[in-house]
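Any read-out appearing in this document is the output of simple, stated calculations on the displayed coordinates, not a laboratory observation. It should be emphasised that the depicted structure is a prediction, and the values quoted were computed from it without experimental measurement. Note: ideal-geometry Cβ built from the backbone for every residue, glycine included; neighbour counts use all protein chains shown.
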Amino acid sequence: MKKSLTFLGTGTSQGVPVISCSCEVCKSKDKLDKRLRSSVLINIDKKNILIDSGPDLRLQLLREKVMKIDCVLFTHEHRDHVAGIDDLRSLYYSNKNEIPLFMSSQVYEALKRDYSYLFSNLNYFGKPKFLVNIIKNKPFKIFEEKIEPIQVMHYKLPVFGYKISDLAYITDANYISKLEKEKLKGIKILVVNCLQIERHISHFNLDECLDLINIVKPHKAYLTHISHNLGLHKTVQERLPKNIYLAYDGLKINF
Ligand SMILES: [Zn+2]
Ligand SMILES: [Zn+2]
């Protein structure tokens, strides 16, 4: 079965360039240094699974000419991963199908609080229909495809990574327990957040990513959720070991 992952965005919460920053990365003319907020689109047998609906969702879906989303998986409730949820309305209007959302109860509580109009019981004109599925740290199925959550820590906040077939997508992590790392054994493609060169309180830095990749030993690894502090795409890529790639916006990989 044909499966692909498209990076809709590969930037950290501020995106790259950062507003009002004049560092060389933010001033770079290379389009690989332009990073919208992180999310991915997984396509499995013509079904579109969106992981996170960040604040740049509208631009991302227009850029990739996405005509439908069959379901959304959320990793956690931070704004750079959910703030585009309102733009799912347009897809509901054109396709008329309710959109299944998969999230932890912690994410659901946050979304109900922050986007109460989307989740209220009141039916008003223009309200999209979402079908909320609360998930736990246990495998579940979407369209016959097994999805295995991987619980990682974003400083003190639990975040879900997702394993689908031989691919794992892990964003906003700075710690993965031994038990959860077991789930990554044998995967072929690892996508993992890599914020910057310096250590950070809630994200892996480059060295920590390389350590993780060394343990997991995927065939290929892609780094995402990148800040301007990581450096110019071209320069960083040249220094990376074989089979480790900096992701960029619009990159599509098959798995
Ligand atoms: Zn984030
Ligand atoms: Zn900058």
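Would you mind ranking 7, 143, 125, 255 so that the residue whose beta carbon has the fewest other beta carbons within 10 Å leads the list?
Going from least to most buried by this count: 125, 143, 255, 7.
Tell me the net charge near residue 126. Cut-off is 15 Å between Cβ atoms, residue 126 excluded, with +1 for each Lys or Arg and -1 for each Asp or Glu.
Taking every other residue near residue 126 into account, the sum is +1.
Beyond 16 Å, what share of the Cα-Cα pairs of the stretch 42-167 remains, rounded to the nearest whole percent?
When all Cα pairs of the stretch 42-167 are counted, 62 percent exceed 16 Å.
If you take the square roots of the eigenvalues of the alpha-carbon gyration tensor of the stretch 150-255 and sort them as a ≥ b ≥ c, do you get rounded (a/c under 1.5), prolate (a/b over b/c) or oblate?
oblate
Too long at a 20 Å Cα-Cα cut-off: which of 65/96; 47/163; 220/242; 156/185?
Beyond 20 Å between Cα atoms: 156/185.
Mean 1/r over all different Cα pairs, inverted: what Kirkwood radius does the stretch 106-168 give, in Å?
With all distinct Cα pairs of the stretch 106-168 included, I get 14.0 Å.
Count the net charge of all other residues whose Cβ sits under 11 Å from the Cβ of residue 165, scoring Lys and Arg as +1 and Asp and Glu as -1.
+1
Name the GluC sites (Glu not before Pro) in the stretch 189-248 that are in a loop by DSSP and that have at most 12 other C-beta atoms within 10 Å, would you?
198
Taking the Cα-to-Cβ direction at residue 175 and at residue 131 and moving 7 Å from each Cα, how far apart do the two end points lie in nm?
3.7
Write out the GluC sites (Glu not before Pro) in the stretch 87-162 meeting two conditions: DSSP loop, and at most 12 other Cβ atoms within 10 Å of their Cβ.
Passing both the DSSP loop test and the Cβ count: 98, 144.
Using the basic label-point model (7 angstrom from Cα toward the beta carbon), what is the residue 242 to residue 63 distance in nanometres?
Between residue 242 and residue 63, the label points sit 3.1 nm apart.
By the scheme Lys and Arg +1, Asp and Glu -1, what is the net charge of all other residues having a beta-carbon under 12 Å from that of residue 80?
Charge balance in the 12 Å sphere: -1.
When the convex hull of the Cα atoms of the stretch 3-254 is projected onto a plane and the area is averaged over all directions, what value comes out in nm²?
About 13.3 nm², averaged over all directions.
So which aspartates and glutamates can residue 252 reach, going by Cα to Cα under 13 Å and dropping same-chain residues fewer than 8 places off?
Within the straight-line limit of under 13 Å, residue 252 reaches these aspartates and glutamates: 64.
How far is it, in nm, from the label point at residue 198 to the one at residue 140 when both lie 7 Å from their Cα along the line to the Cβ?
So the two model labels end up 3.9 nm from each other.
Give me the aspartates and glutamates in straight-line cross-link reach of residue 31: C-alpha distance below 15 Å, same-chain residues under 8 apart excluded.
249
Suppose we keep just the DSSP beta bridges with both residues in the stretch 48-203; what percent of those would be antiparallel, to 5?
Bridges in the stretch 48-203 that DSSP calls antiparallel: roughly 50 percent.
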